[in-house]
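Notes follow the structure.
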Amino acid sequence: MKRLHQRFSLRRMLSRKDGWTLAELLIVVVIIAILAVIFLMVNWKRNVFRAQDARRKADLNNIRRAFEEYYNDNGCYPSLTILESCGSTDLAPYIKTVPCDPTTKDPYKYEPDSVSNLCSGNRVCAKLQDWADPDITSLGCHPEEGCGWGAFWNYCLATGTTVIAPGFVPGGTVTPTPTPSPIL
């Protein structure tokens, strides 16, 4: 008898043609929605970092261009304190206002090639948030250890004399090192 009852209920379960319940469908939809939101948030944050890094790179290019124009007019580069006052017009007419980091509002790092001779060249550095940015290693820098002027200053542009970072091979592979970056 027990066997017959088991067989009957197994047959009934197998022949059941019911679909999913509303609760089961809602659970599946909620799980898919949560996974989609997590995926979009990760990609959104990465895109925000890349946009902020693009702003940093543009700022450094503008600073470098302003420094070169300043040098052409004055025979030397600006003082080391010129970038400390974000938003100032200290570099006018070469650049409208002195830019600073778009997220931290800190000034960019400005290092001379020689402390005794500011006219020989310099580096202006930023901290890129996207450590996978290929521009970091193409300059001979390390994403975390930086370009030689402290940790995380991982993107530097040179003005004036050229100082090649150890491990930099033009047109070849780069061994990232925490040393000064080459000129672009």
Seminar exercise, completed: Scanning the stretch 88-114 residue by residue, those hydrophobic (A, V, I, L, M, F, W, C) and within 19 Å of residue 153 (Cα to Cα) turn out to be 98, 100
Problem set entry | When residues of the stretch 68-106 are limited to those that are charged (D, E, K, R) and within 18 Å of residue 160 (Cα to Cα), the one farthest from the chain's Cα centre (by Cα) | 73
Seminar exercise, completed: residue 158: passes all of (1) surrounded by 14 or more Cβ atoms within 10 Å (Cβ to Cβ); (2) among the small types (Gly, Ala, Ser); (3) over 17 Å from the mean Cα position of the chain (by Cα); (4) assigned to a loop (DSSP other than H, G, I, E, B) but (4)
For this session: For the stretch 107-118, indicate whether the set of residues that are free of Cβ contacts under 8 Å to residues at least 24 places away in the same chain and part of a helix (DSSP H, G or I) is non-empty.
Result: no
For this session: For the stretch 72-93, indicate whether the set of residues that are among the aromatic types (Phe, Trp, Tyr), over 25 Å from residue 51 (Cα atoms), open to solvent by 30 Å² or more (accessible area, probe 1.4 Å) and at pLDDT 90 or above is non-empty.
Result: no
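The values are calculated or read from the model by the stated rules, or taken from the named source; none is laboratory data. Keep in mind that what you see is a predicted model, and the values were worked out from it rather than measured. A quick note on method: Cβ atoms are made from the backbone with ideal geometry, for glycine too, and the neighbour counts reach across all protein chains shown. Ligands, DNA and RNA are excluded from the accessible area calculation, which covers all protein heavy atoms including side chains. Shrake-Rupley method; radii C 1.70, N 1.55, O 1.52, S 1.80 Å.
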